[in-house]
Structure formats: structure tokens, C-alpha cells
Amino acid sequence: MQPSRRDFLNMAGSAAGALGVGAFAAAPAPASPQRPGGARTDERPSPPGGQAPKPLRILILGGTGFIGPHQVRYAIARGHKLTLFNRGRTNPGLFPDVEKLQGDRAVGDYASLKGRDWDVVIDNPTTLPRWVRQAADVLRGHTQQYVFISTLSVYAKNDTLNMDETAEVAITHEPDSEDVRKYYGPLKALSEKEAEKAFPGRTTVIRPGLIVGPGDLSDRFTYWPVRLERGGEVLAPGGPTDPVQIIDARDLSEFAIRLCEDGATGTYNGTGPRSRLTMGEMLGGVRAVTTSDAYLTWVPADFLAAQSVRPWVDMPVWVPPVGDSAGFATRSIRRALAKGLTFRPLYLTVKDTLDFYQSEPEDRKAKLRAGLAAAREKEVLAAWHARKNP
Ligand SMILES: NC(=O)c1ccc[n+]([C@@H]2O[C@H](COP(=O)([O-])OP(=O)(O)OC[C@H]3O[C@@H](n4cnc5c(N)ncnc54)[C@H](OP(=O)(O)O)[C@@H]3O)[C@@H](O)[C@H]2O)c1
């Protein structure tokens with residue numbers, strides 16, 4: 001039986017519900033130490049270039065996964081002095097000239113941070129409030145600013161357009177749960193509160209949307225450049241005017257470092273681009289970078305739902321802008337813009353994402369972690385072309 005429009009809205013709603021708590025989550029941790037992403041883009045000038053007015057001592061909790069390396073490169077280019085704190089498992093050979101301290105936050109081991117002072121601490125990987133509390137026990141009184149990397153998934157609802165940072169955040173009745181898959185958004189929201197409690201008036205919260213670009217292991221954006229590069233008929237979801245929001249990891253990272261330089265506190269949605277981007281514009285922009293014969297066939301959201309093609313997961317980046325998800329891709333970034341969030345042009349993100357993908361090992365390239373497999377895409381397209389009453 002074909003799902004009805006109501007089923008579709010439920011599905012979109014449940015997708016949004018799931019998205020609400022987990023859409024903007026980090027990529028799965030790599031199984032083994034692996035090459036850092038984005039290294040080949042170092043030479044690109046980052047806005048604004050040059051040295052910061054005053055060098056800072058910056059401690060990055062994390063620093064070697066996806067966004068961390070981009071923060072480190074930009075901070076070094078700006079003349080700051082860095083320390084990284086992690087377990088030494090992810091990309092251990094990265095940044096041999098940067099000070100590294102070890103500890104495992106899962107077991108509350110922060111001994112290596114004791115007795116040290118930093119101007120700013122940036123906390124990248126944390127979802128659990130306990131991680132903030134325990135870090136704060138050691139760092140309180142030893143830093144002027146605490147920057148917490150949160151997520152747009154903190155928001156309770158996505159049904160309204162253009163919502164800003166004052167929108168209601170999600171809560172959980174199990175605040176001590178460590179189930180980060182189930183309670184990703186609410187736990188991030190609680191972690192934000194812990195940060196503000198531990199460092200009152202000195203906390204900066206950045207809530208990123210989907211982070212994309214070189215180094216991304218989730219493949220959610222990567223699917224599109226790779227798919228269009230492969231060529232042929234490409235299944236495009238929904239309608240060309242459906243809104244999407246993404247942020248290049250480098251733009252996000254540079255923004256975080258500049259907030260440190262400015263000593264800016266408060267909460268900032270961190271997504272992009274500057275003005276409204278549609279699915280059609282995004283895919284057109286991706287297509288323009290590729291050299292293939294790719295062409296798009298737009299398939300409406302309710303037909304995709306009837307085919308059990310899931311927004312965001314099977315058709316990454318895209319969520320149909322209806323019902324509970326109407327405002328999902330229209331978060332206001334006015335505050336971040338006022339504090340100097342800048343954006344690379346889309347073609348650079350696409351090109352560097354493709355370069356990154358091409359440099360990945362063959363086995364990983366063979367199976368992307370998001371998007372439709374080629375055979376399934378063909379099936380859905382065939383069903384669309386064979387539909388009754390075309
Ligand atoms: N991806 C998205 O689209 C998206 C969207 C919205 C928000 N976000 C948020 O953005 C952030 C992304 O962070 P990232 O992973 O790119 O940051 P990162 O700082 O580049 O990498 C994560 C770091 O955390 C360290 N780490 C992991 N587990 C640890 C532990 N138990 N103890 C100590 N250190 C540990 C890792 O090193 P070791 O493994 O060596 O310890 C690694 O250095 C996350 O907060 C995520 O929730 C992501």
C-alpha cells in the first residue's frame with residue numbers, strides 16, 4: 001500500500017523529530033587512526049588573513065578530528081599558541097609541533113591540565129554535561145573564556161521559519177543518560193547550560209548546522225559532489241526551491257577562532273550560507289564544478305516517501321520544508337553575521353570536498369556513509385518514470 005500524504009507528513013515529522021535530536025551530530029568516530037582531512041587546502045587564504053592583534057594561549061579539547069584541525073591551522077596562521085588535549089587516538093601524527101596533553105574524558109581524566117592557564121578553551125567533542133562539569137573543575141579560574149561547540153539539534157522544534165538563538169531548546173527527563181544517540185540535542189543543550197554555570201559571562205556557544213567540506217567522514221554533503229561527478233541521471237529530492245543550510249568546516253573553525261580573538265561571549269547559530277540557498281542552487285553549484293554529463297530529475301517529496309526514501313539519510317542535506325520541518329533549513333544566523341562569520345564560495349567547498357574524497361582509501365570511497373546506493377537510485381527513478389498519471 002502506498003503511504004498517504006498524512007503518512008508522509010508523519011514520516012517527515014519523525015525524520016524531523018529524529019533530526020531534532022541528532023541531525024547535526026558528528027560523524028562516527030574513525031575505527032582506526034587515519035589521515036587528517038583537509039590538509040591540501042591549507043594554502044588557501046582564510047578571511048581575514050594575517051596575524052591576530054594579540055596572540056592567545058588556546059587550549060583545544062579535542063583538535064584532531066574534523067573541525068579541530070581546521071581550527072588549529074587557522075589559529076597557528078593567526079599567531080596563537082596552541083595546546084591540544086585528547087586521548088592521542090585520532091590522527092595521532094597530526095601537528096607534531098603543537099603541544100599535546102593526554103587524558104580520557106570518558107573516565108574524567110584531566111590530570112594533565114592541572115595547574116596550567118590558558119586565555120581560551122575550546123571544547124569540541126562534548127555531548128555529555130558531565131564532560132563539561134569535569135573539565136570545568138580543573139579549568140575554572142584558569143581561562144578567560146570557554147567556547148562550547150554545540151549544535152542546531154538543541155532546538156525543540158523546527159516548525160517555524162527563521163528562528164534565532166532564543167528559540168526553545170529540547171529537554172530530556174533523563175539528564176544523566178549517556179545515550180548520546182537518543183538524547184543528542186537535549187544533552188548538548190544541558191552541556192551548554194553547564195558551561196555557562198561553570199564560566200558565567202565567559203561562555204561562548206556555537207550551534208553549528210550541517211558541517212561539510214574536506215575532512216568530513218559522514219559523507220552527508222559529500223554524497224552530492226560524488227554523485228554528480230559520476231554523471232548520468234541523478235535523483236534530486238523534493239523541489240528545486242526547497243531551502244538547505246550547510247557550513248564549510250573551515251568557515252566555522254575560523255569563526256570560532258575569531259570569537260576567541262574578540263572575547264565574544266553568547267550563543268550563535270553557526271550555519272550558512274549568508275543568504276538563502278535552495279536545493280536547486282546547491283546541486284547546480286555542485287554540478288558546475290564537475291565535468292560529468294549529470295542531469296537532475298526532481299522527484300517530489302511524497303513520491304519519495306512512498307518509496308521509503310528517507311530525507312536527510314538517503315537524500316542527505318535535504319529535508320522537505322513542511323510540517324514539523326518547515327523551518328529546519330531556515331535558522332537565523334544574523335547574530336553570527338554581526339560577529340563576522342564569513343563564507344567560502346560553494347564551488348571551493350565542492351572542489352575541496354571532491355579532492356578530499358578522491359584522496360581517501362578505495363574501500364572507504366566504495367561505500368559512502370550517506371545517500372542512496374546506485375542500484376537503489378536507479379530503481380526509484382524507474383518507479384518515478386513508470387508512475388501512473390505522469
Ligand atoms: N558534523 C556535523 O555536521 C555537526 C553538526 C553540528 C554540530 N556538530 C558538533 O561539532 C563538533 C565536531 O567535533 P569534531 O569531532 O570535529 O572535533 P575535533 O576536535 O576535530 O575531534 C574530536 C576530538 O575529540 C577527541 N576525543 C574524543 N573522545 C575523547 C575522549 N574520551 N577524551 C578526550 N578526547 C577525546 C579526539 O581525539 P582522540 O580520539 O585522540 O581522543 C579528537 O581530537 C561536535 O561537538 C559535534 O557535536 C557536528
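Taking (1) among the aliphatic types (A, V, I, L, M); (2) more than 15 Å from the ligand (Cβ to nearest atom); (3) open to solvent by less than 30 Å² (accessible area, probe 1.4 Å) in turn, ALA156 satisfies each apart from (3). Out of the residues in the range 189-217 that are open to solvent by 10 Å² or more (accessible area, probe 1.4 Å) and in a helix (DSSP H, G or I), which is nearest to the ligand (Cβ to nearest atom)? Across the range 189-217, the extreme among qualifying residues is GLU192. What about VAL147, is it touching a strand residue (DSSP E or B) at 6+ places or on another chain (Cβ under 7 Å) and within 13 Å of the ligand (Cβ to nearest atom)? Spelling it out, VAL147 is indeed touching a strand residue (DSSP E or B) at 6+ places or on another chain (Cβ under 7 Å) and within 13 Å of the ligand (Cβ to nearest atom). In the set (1) farther than 30 Å from LYS114 by Cα; (2) open to solvent by 10 Å² or more (accessible area, probe 1.4 Å); (3) assigned to a loop (DSSP other than H, G, I, E, B); (4) more than 11 Å from the ligand (Cβ to nearest atom), the condition left unmet by ARG220 is number (4). With respect to the conditions (1) within 26 Å of the chain's Cα centre (by Cα); (2) within 12 Å of the ligand (Cβ to nearest atom), ASP109 falls short on a single one, namely (1). Residues considered: GLY266, GLY284. Of these, the only one that is out of contact with any helix residue (DSSP H, G or I) (no Cβ under 9 Å at 6 or more places or on another chain), small (Gly, Ala, Ser) and surrounded by fewer than 24 Cβ atoms within 10 Å (Cβ to Cβ) is GLY284. I'd like to know if the range 75-90 contains one or more residues that are within 12 Å of the ligand (Cβ to nearest atom), assigned to a helix (DSSP H, G or I) and not polar (S, T, N, Q). No: the range 75-90 contains no residue that is within 12 Å of the ligand (Cβ to nearest atom), assigned to a helix (DSSP H, G or I) and not polar (S, T, N, Q).
The set of residues from the range 269-281 being open to solvent by 30 Å² or more (accessible area, probe 1.4 Å) and either closer than 16 Å to TRP224 by Cβ or among the aliphatic types (A, V, I, L, M) (or both) comprises PRO273, GLU281. Under 8 Å by Cβ, and 6 or more places apart or on different chains, what pairs join a residue from the range 360-381 that is closer than 19 Å to PHE303 by Cβ with one that is hydroxyl-bearing (Ser, Thr, Tyr)? Qualifying pairs under 8 Å: GLY371/TYR223; LEU381/THR297.
Across the range 112-130, the number of residues qualifying as over 14 Å from LEU84 (Cβ atoms), more than 8 Å from the ligand (Cβ to nearest atom) and not charged (D, E, K, R) comes to 3.
Beta carbons closer than 8 Å, at least 6 apart along the sequence or on distinct chains, pair a first residue in the range 277-299 that is under 26 Å from ARG387 (Cα atoms) with a second that is of a type in the set (Val, Ile, Thr) and open to solvent by 80 Å² or more (accessible area, probe 1.4 Å) for MET279/THR241; GLY280/THR241.
Here ARG230 clears all of (1) surrounded by fewer than 21 Cβ atoms within 10 Å (Cβ to Cβ); (2) free of Cβ contacts under 8 Å to residues at least 60 places away in the same chain; (3) not polar (S, T, N, Q) except the condition numbered (2).
Quick one: is ASP97 open to solvent by 70 Å² or more (accessible area, probe 1.4 Å), more than 18 Å from the chain's Cα centre (by Cα) and closer than 17 Å to PHE199 by Cα? So ASP97 does not fit the description; no.
The values are calculated or read from the model by the stated rules, or taken from the named source; none is laboratory data. Keep in mind that this is a model prediction, so the values were computed, not measured. Because the Cβ atoms are built from the backbone with ideal geometry, glycine has one as well, and the counts that use them run over all protein chains shown. Side chains included, ligands, DNA and RNA excluded: accessible areas come from the protein's heavy atoms. Shrake-Rupley method; radii C 1.70, N 1.55, O 1.52, S 1.80 Å.
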